[in-house]
Amino acid sequence: MKTSANLMPANLFNLDRVRTARTSVPAARILVISDIRILRDAVASDLASRDGIEVIGAASSGDGPRRAAEERVNLVLLDANIAGGAAFAQGLRRHVPGLRIVLFAVLEGGIDLVGWARTSINGVVARDDSAADLFAAVKGALRGEVFCSTKLTGILFAHVAALADRQGAGQATAALTGRESEIMLLVEQGLSNREIAGRIGIGTATVRNHLHRTFTKLGARSRSEAVARLRQRHG
């Protein structure tokens, strides 16, 4: 029969292994960067009171990159209204490769969300979101997830849809022949089919055929709609 003394070393060994595994996970080291001192201090103070993360401190944009590098920060909470915007975020990542960045205090419609998305940010929290939302974004970013509040998600999808429409119009316009483009330029000037035919020396029926093909390519149902799509293409 085994005694408790015989069991104790094995139990202690297993417990030590568990402790070693837990302590080997890198701790979250977070820096808050904003040029508004009262804002960055308040955000840092709130996060510091929560379990599971370590807040290194708060810094201005001038001091943030240096501190992020020197203090081995692995996540930055970045004020969305910081000077330099996305370029500043890219500079941070040059100082600290692999750095996770969560934007906060985002004003709806106040920044280019698509432009920020191209920098591969790890979370976006709106100005009127709660401290709990900010904490959720931080925890998600540390797990490799991307957090975006409901309102900002809607705005982002609207931007993407508008971008897709512009690209679609651009692709269609690129497919126009030289003659079709010439005719559409005259349509934009307000000329009728007969006037266009006389101007470029072709028959009225031929003008109608060109316009029919052009409308199909542009996805337009009228002259005014076709002109509007062309204007979208040219900005």
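The values are calculated or read from the model by the stated rules, or taken from the named source; none is laboratory data. Being a predicted model, the structure only gives us computed values, none of them experimental. Quick reminder, even Gly has a Cβ in these numbers, built from the backbone with ideal geometry, and neighbours come from all protein chains shown.
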(request) For V125, indicate whether it is within 13 Å of the chain's Cα centre (by Cα) and at pLDDT 90 or above. (result) yes
(request) Pairs only if they're at least six apart or on different chains, beta carbon under 6 angstrom, first in the stretch 39-61 and in contact (Cβ under 8 Å) with a residue 24 or more places away in the chain, second aromatic (F, W, Y); list them, first residue then second. (result) R50/F135
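Residue check: is D133 buried (at least 20 other Cβ atoms within 10 Å of the Cβ) and of a type in the set (D, E)? Spell out how you get there, then give the answer.
Values: buried (at least 20 other Cβ atoms within 10 Å of the Cβ): no; of a type in the set (D, E): yes.
In short, no.
Being modelled with pLDDT of 95 or more and aliphatic (A, V, I, L, M) is the requirement here; does I53 meet it?
Values: modelled with pLDDT of 95 or more: no; aliphatic (A, V, I, L, M): yes.
Spelling it out, it is not the case that I53 is modelled with pLDDT of 95 or more and aliphatic (A, V, I, L, M).
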(request) Kindly establish whether L92 is more than 13 Å from L31 (Cβ to Cβ) and surrounded by 12 or more Cβ atoms within 10 Å (Cβ to Cβ). (result) no
(message) Any residue that is assigned by TED's automatic domain parsing to the domain that holds I30, closer than 19 Å to R29 by Cα, in a helix (DSSP H, G or I) and in contact with a helix residue (DSSP H, G or I) (Cβ under 8 Å, 6 or more places away or on another chain) - is there at least one of those in the stretch 138-147?
(response) yes
(message) So, in the stretch 150-169, how many residues would count as being in contact with a strand residue (DSSP E or B) (Cβ under 8 Å, 6 or more places away or on another chain) and at pLDDT below 75?
(response) 2
